Amino acid sequence: MPSGACGDPALADLRPAGDTHLADALIEIERLTKRFGTFTAVDDVSFTVARGEVLGFLGPNGAGKSTTMRMLAGFMPPSAGTARICGADVVDQPVAAKRSLGFLPEGAPTYPEMSVTGFLRFCARIRGFRGAESYDRVAHAMALTQLEGVRLQPIETLSKGFKRRVGLAQALLHDPPVLVLDEPTDGLDPNQKHEVRALIGRMAPSKAIVISTHILEEVDAVCTRAIIIARGRVIVDAPPRELEREGRSLEQVFRDLTLGEGAAPVPAVAA
Amino acid sequence: MRAALTVAGRELAGYFSTPVAYVFIVIFLVLSGALTFTLGNFFARGQADLIPFFSFIPWLFLFLVPALTMRLWAEERRLGTIELLLTLPLPAWAAVLGKFLAAWVFCGIALALTFPLWLTVNILGEPDNGVILTGYLGCLLVAGAYLAIGAALSAATKNQVIAFVLAVAVCFVFVAAGSPIVTEFLSDRIPALAEAARALSVADRFNGFTRGVVALRDIVYFAGFIGFFLFLNAVVLDHRKAD
């Protein structure tokens, strides 16, 4: 795994991190770009995420969050640039990269006709778990996401919150070192949100986690670092605490940075 | 391979947990039976064989198999599960092969359920059961060829109707290529093309199987045909999965 100049993430420059490698960087994204025709959805995005970090991925709708996550998960081929998970390039070594990754796609898609257990058993088998181990993994993932009560129900009969948790359970099944979760708390009630945040907090020390969210309080609650992305570009990369300096709320920072789109990056915070 | 079998198992269970399987099987059995006894003159021929049944299979599958394959990838796209499936640690070919195998086994089940016809000829006469077996093998290979075409086209388009119509059209080309109308037309004008058309025809190869002939070149043809379209499926899927 490439490693170079180490930097305490808390002291990192507020500007896009560029090519700094953290010592234990499990996610490395370098100059990632995605173009759809003439439209550039993700424009030269670079960052790394180390073990123990929880990165909050923020930005207005259509800013390129999901596209970046899809490229990181190896679902969408990048137009330019590279993404590596635990040192495995997602384009050149897709299977190795995906083994180290737990991914919750946008909207938490699942097969509606399958039961919760059936679906998770399927994912466990694809991930190479057999027999008793597969059974234990599924039971453990269901316990983490509190799905035991609905284990035999067809997924299509579940509420939105349960469906989201089935998707989450699938991502946690193999205890991956890297978690990429696209809006993990969308559609959950406040109790469930709290539960999922606590779960992310508990897992954080041993993993590199990226979550995208629209809920800014969530960034405060669980993230050690926040990236704000707008029009496909990273405009801020800093710990949430630092963004809130000078008594401004995160929401204010978000609005300042993303409403004046096209403005010079980080005018306020860099000062 | 294990991953492919896991995908196949899930798919096959999926067929039977929705009405798709039952509608397909019932319609297939009703149509194949009706055609055999009416247009096929099953009784009036006075021969103990399943030729009347087999002769309709390429034409019946022409419409039923694309109906099965049109949803293969389009449905994954609609549900968004394609993103889940293709971010699990399995190579794309395993997903392609798994889906194909499930659909193929399903066609095999539908074919196996025509066993009352086989019982009937065995009660009424003394058919050559070897020929019947090779006939069924031919049916399965035709189903496999159509499935491979349909699956590749399903990966190429989001729209199920387009996938269905294109699959019927392409399958039709491969059936009709060997029919006398086409080959006679071609041999009058471009003899070289007539040979090529006959060599590519699914129906021509299939007829060998219904006569009890299992030629190595026909097996190689079907294996190559299915392999080619599955490869195409994997390429198209890789190219268009995120569209």
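The values are calculated or read from the model by the stated rules, or taken from the named source; none is laboratory data. Because the structure is predicted, anything quoted here is derived from the model rather than measured. Neighbour counts run over all protein chains shown; Cβ positions are idealised from the backbone, glycine included. Only protein heavy atoms, including side chains, enter the accessible area calculation; ligands, DNA and RNA are left aside. Shrake-Rupley method; radii C 1.70, N 1.55, O 1.52, S 1.80 Å.
What separates the Cα centres of the range B:155-204 and the range B:23-86 is a distance of 19 Å.
Axis angle, to the nearest 10 degrees, between helix B:51-69 and the longest C-alpha principal axis of chain B: 10 degrees. Using Cα atoms only, what is the angle between the long axis of helix B:19-37 and the major principal axis of chain B, expressed in degrees (0 to 90) to the nearest 10? Helix B:19-37 and the main axis of chain B meet at about 20 degrees. Estimated from the Cβ-Cβ distance and a Förster radius of 22 angstrom, the FRET efficiency linking residue B:172 and residue B:199 is about 0.80. Between residue A:79 and residue B:17, the modelled labels are 3.9 nm apart [label points 7 Å from Cα along Cα→Cβ]. Across peptide A:104-111, the average count of Cβ atoms from other chains found within 10 Å of a residue's Cβ is 5.
Annotation: per residue accessible area for the range B:2-242 equals 44 Å², rounded to a whole number [probe 1.4 Å, protein chains only].
Distant-in-sequence amide contacts of residue A:43, defined by a placed amide H-H separation under 5 Å and a gap of 5 or more residues or a different chain, comprise A:34, A:233. Think of the protein assembly as shown as having a plus end and a minus end, set by charges on the Cβ of Lys, Arg, Asp and Glu; of B:125, B:40, A:36, B:125 sits farthest toward the positive end of this dipole. Under 19 Å from the 7 Å Cα→Cβ point of residue A:139, by amide nitrogen: which residues of the range A:164-206? The answer is A:169-170, A:172-175.
With a Cα-only, solvent-free Debye model of chain B, what are the log10 I(q)/I(0) values at q = 0.10 Å⁻¹? Each listed q maps to, in turn, -0.50. Label point of residue B:5 set 7 angstrom out along Cα-Cβ; within the range A:118-143, amide nitrogens under 18 Å from it belong to A:121-135. Shielding by partners for peptide B:77-85, expressed as the average number of C-beta atoms from other protein chains within 10 Å of each residue's C-beta, is 6. With a cut-off of 11 Å between beta carbons, the residues surrounding residue A:84 carry a summed charge of -4, where Lys and Arg count +1 and Asp and Glu -1.
Segment residue A:255..residue A:24, full-extension length gain: 79.9 nm, with 0.36 nm per residue of separation and the alpha-carbon distance subtracted. Its relative contact order, with pairs defined as Cα atoms under 8 Å and 6+ residues apart, puts the range B:2-242 at 26 percent. Expressed per residue, the C-alpha convex hull volume of the protein assembly as shown stands at 170 Å³.
For chain A, find the longest principal axis of its Cα atoms and tell me its angle to the long axis of helix A:190-203, 0 to 90°, nearest 10. So the helix axis and the longest Cα principal axis differ by about 80 degrees. Overall, the protein assembly as shown carries a charge dipole of about 580 debye about its Cα centre when +1 sits on the Cβ of Lys and Arg and -1 on the Cβ of Asp and Glu, all other atoms neutral.
Residue farthest toward the positive end of the dipole of chain A, with Cβ of Lys/Arg at +1 and Asp/Glu at -1: which of A:145, A:180, A:215? Projecting each Cα onto the dipole axis, the largest value belongs to A:145. Under the simplified labelling scheme, the residue A:241-residue A:91 pair shows an inter-label distance of 3.8 nm, with each label point 7 Å from Cα along Cα→Cβ.
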